[in-house]
Amino acid sequence: MGGLGQSIRKYRGWLIVAAVIVAIPVLALAWWLGSPLFINKTVDEEFPYSIGAVVPEGMTRAQVDQTMATMAMMEEEVSEAMPEAPPQTADEMMASVMDNMTPEAMAEAIQSMTPEMRAEIAETMAEAVPGMTPEMVAEAMETMTPEMMTGVMQNMTPEMMAQMAAMMPEMMAPAGPVAVKQGMFRDADSFHKGEGSATLYTLPDGSHVLRFEDFRVTNGPDLRVILASHPDPMSRGNVHSGEYVELGKLKGNIGNQNYPLPEGLSPDGYNSVIIYCKPFQVIFSVAPLSDG
C-alpha cells in the first residue's frame, strides 16, 4: 500500500497534466453545446436593397445591391417654383377671353359690376340688338337669362366683344393652374420609401405639368418619373401591363419639382405616378392619383 502511495506521489504531476489535457476538449465541447442556452447573440442585418431587382448582364446581385445601397445614402435636393403661364399676345389673350366669355360667365361678371360699368356694357350690348336702347338693355340685364345672353352675344361683332372684354379685367386675366389629379407618395417596400404629394395641373395655356411638393424618396441609380394607367402598381409587371409614359429622369430625391407632360398628352388616362429604377426595374415609390 505504501508503495502505491509513493507511486502516486511520484507521478502526481504527470497525472495532473494528463487530466487537464483530457478536460480541455471535454469542457470546450460542453461550452459549445451549452452556451446558446444562456448567452444571447444579436444579429441585425438589413434585407438586400436588390430584392426584386433585375440583375443586368455583366453584374452580380452583390454588385447591384452595393450600387443601390450606396445611392440610398446620397441626397439630391431640388426646389422649383410652380411654373408660370407664358406671356400672351393680344390675339392669344382675346382668344382666351372669347373662350371663357360664356353666357353664364357674362351674367356673373355683370352682377359684380358697378352701376357705371353696367351702363357702359348696356350701351355696347344695345348696339348688337336693333331697336334696343342702352336704358332698355340696362333694365333687361336685371332679369336676363343665360339663353337671352346667348342671343345677344351671337349678334356681337368681334370688336364689340373686345370692347366688353376691356371693361371686364377679371375676364382678361389668365386663369391660374388648375389641379386635375392628385395623390400622395407611399413606400414601395420597407427599403424603398417615398412621401409627399404629386399633382397634375392644367396651365392657362392648356399645357399640363406634374408637380411634386414636400417630396422625398430613397435615392437610387437612374431613377425615372413615370405616369401609368395602372391605379396602384406594386410590381414592374403592373407598370408594363397598361399605358405608361416616362417624363424624364428624377431631378432630385428631395424637394419641389415640375415635370411637363409631352405636348398633346392628356392626363385623363393616367392614374398613378411611379418613381422607377430603370436599370434594375425596381419601384421605389408610388402615388395613386384621384381627381382633383
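Taking the stretch 237-292 as the search range and keeping residues that are open to solvent by less than 60 Å² (accessible area, probe 1.4 Å), of a type in the set (Phe, Trp, Tyr) and in contact with a strand residue (DSSP E or B) (Cβ under 7 Å, 6 or more places away or on another chain), which one is farthest from MET59 (Cα to Cα)? If we take residues in the stretch 237-292 being open to solvent by less than 60 Å² (accessible area, probe 1.4 Å), of a type in the set (Phe, Trp, Tyr) and in contact with a strand residue (DSSP E or B) (Cβ under 7 Å, 6 or more places away or on another chain), then TYR270 is farthest from MET59 (Cα to Cα). Annotation for the stretch 227-236: no member residue is over 23 Å from PHE191 (Cα atoms), out of contact with any Gly (no Cβ under 6 Å at 6 or more places or on another chain) and at pLDDT below 90.
Pick from LEU250, LEU223: which is without any contact (Cβ under 8 Å) to a residue 40 or more places away in the chain and closer than 21 Å to ASP65 by Cα? Going through LEU250, LEU223 in turn, the sole match is LEU250.
Evaluating VAL273 against the criteria (1) under 14 Å from the mean Cα position of the chain (by Cα); (2) in a loop (DSSP other than H, G, I, E, B) leaves one unmet condition, (2). Check the stretch 226-235 and report whether any residue there is crowded, with 19+ Cβ neighbours inside 10 Å and touching a residue at least 60 places away in the same chain (Cβ under 8 Å). No; the residues of the stretch 226-235 include none that is crowded, with 19+ Cβ neighbours inside 10 Å and touching a residue at least 60 places away in the same chain (Cβ under 8 Å).
Quick grid of which residues meet (1) charged (D, E, K, R); (2) under 12 Å from the mean Cα position of the chain (by Cα):
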{"residue": "PHE212", "(1), (2)": "no, yes"}
{"residue": "ASP222", "(1), (2)": "yes, no"}
{"residue": "VAL225", "(1), (2)": "no, yes"}
{"residue": "PRO231", "(1), (2)": "no, no"}
{"residue": "GLY237", "(1), (2)": "no, no"}
{"residue": "GLU243", "(1), (2)": "yes, no"}
{"residue": "GLY248", "(1), (2)": "no, no"}
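Selection of helices (runs of 4 or more DSSP H) fully inside the stretch 117-217 by the criterion of at least 2 residues being buried (at least 16 other Cβ atoms within 10 Å of the Cβ) and at pLDDT below 75 returns 134-141, 146-154, 158-166.
The values are calculated or read from the model by the stated rules, or taken from the named source; none is laboratory data. Everything numeric here is computed off the predicted structure, so don't read it as measured data. Here Cβ is always computed from backbone atoms with ideal geometry, including for glycine, and neighbour counts include all displayed protein chains. Protein only, heavy atoms only, side chains kept; ligands, DNA and RNA dropped before computing areas. Shrake-Rupley method; radii C 1.70, N 1.55, O 1.52, S 1.80 Å.
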